[in-house]
1. For GLU217 and SER13, calculate 0.36 nm times their separation in residues minus their Cα-Cα distance, and state this gained length in nm to one decimal.
2. Ignoring ligands, DNA and RNA, what percent of the 1.4 Å accessible area of the chain is carbon and sulfur?
3. Going by amide H atoms built from the backbone, whose H comes under 5 Å of the H on ARG222, apart from near neighbours?
4. Indicate the helices, whole DSSP H runs only, in the chain that combine a mean Kyte-Doolittle hydropathy of 0.0 or more with a Cα extent along their long axis of 30 angstrom or more.
5. Once amide H atoms are placed 1.01 Å from N in the peptide plane, what residues at a sequence separation of 5 or more from TYR179, or on another chain, have their amide H within under 5 Å of its amide H?
6. Considering the Cα positions of segment 14-167, please state its Rg to one decimal place and its Dmax as a whole number of Å.
7. What's the ranking of 56-66, 82-92, 135-145 by average number of surrounding C-beta atoms within 10 Å, highest first?
8. Would you be so kind as to identify which of ALA90, CYS61, SER116 lies farthest towards the positive end of the dipole of segment 27-124, taking Lys and Arg as +1 and Asp and Glu as -1 on Cβ and the Cα centre as origin?
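The values are calculated or read from the model by the stated rules, or taken from the named source; none is laboratory data. Treat the numbers as computed from the prediction; the structure is a model and nothing was measured. Positions of Cβ are backbone-derived with ideal geometry, glycine not excepted, and every protein chain shown enters the neighbour counts. Areas reflect the complete protein model, heavy atoms only, side chains present, ligands, DNA and RNA absent. Shrake-Rupley method; radii C 1.70, N 1.55, O 1.52, S 1.80 Å.
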Amino acid sequence: MAKNQYQTLTTVSLLSLDAAMIGIAFLLAYLFRSLVAFPAEPQDLAPVAAYGWTMAVQLICIQVMLYLNRQYHIVRATSRIEEFYAIFSAVSVGALFSVAFSALLFKNTVFEVDYSRTIIIYAWVLAIILVTLGRWIHRGARAVLHRRGVGLDRLIVVGTGDMAAVVIQKVQWSPRLGYELVGLVDDSDGAPEVLGVPLLGNSDDLDDLVDDYEVDEVIIARPEASR
């Protein structure tokens, strides 16, 4: 699979998965409200089909907030806690906006329905849980593809010292990062390879090496290097 195709597929699948999870969260919220008499028996609850536009507004608002929080920019080394916090923030703000927009757009129209506070709370909590779960599943699927050599970014590391060795070990031990380590670049007369990674040339050759090896990223692993 070509790199551009992989990136497009990754983004589209993440957008689709988020949309599915937000929709499921809303439907489950409606189901719980209709079945659970808490805090009181549901009254004037419209058929679920009547909430279609309300659900669409919520889906759009939450996904816009996810986008603004850069949650559709695939970050390589984000922790699960950081990802959960970002999702919590985006879903919370998106849910608030969706309530406000639904009230403004649908008031006194045929699309106006009884949107109880209980459904709002259920949908908010469930959206956080399900979107987070979907993101973890998506991350796991990407890790599997990376282990099989799909969608890898070709990488050159500048340096052959201790810092470079740390970077090499991190890349070799963490295939989920999605790197294919091509080689090293350094100006010193050191070993021809480090941890099995070959030395390709010096820093003056870097531009040509990037083109010749179709490199996607370069990591500077020389703390003493100037900007």
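1. 71.0 nm
2. Carbon with sulfur: 62 percent of the solvent-accessible area.
3. Close amide H contacts, sequence-distant or interchain: none at all.
4. Length and hydropathy pass: 3-35, 80-106, 117-147.
5. ASP153
6. For segment 14-167, the Cα-based Rg and Dmax read 19.9, 70 Å.
7. Those peptides, ordered most packed to least, come out 56-66, 82-92, 135-145.
8. With unit charges placed on the Cβ atoms, the residue in question is ALA90.
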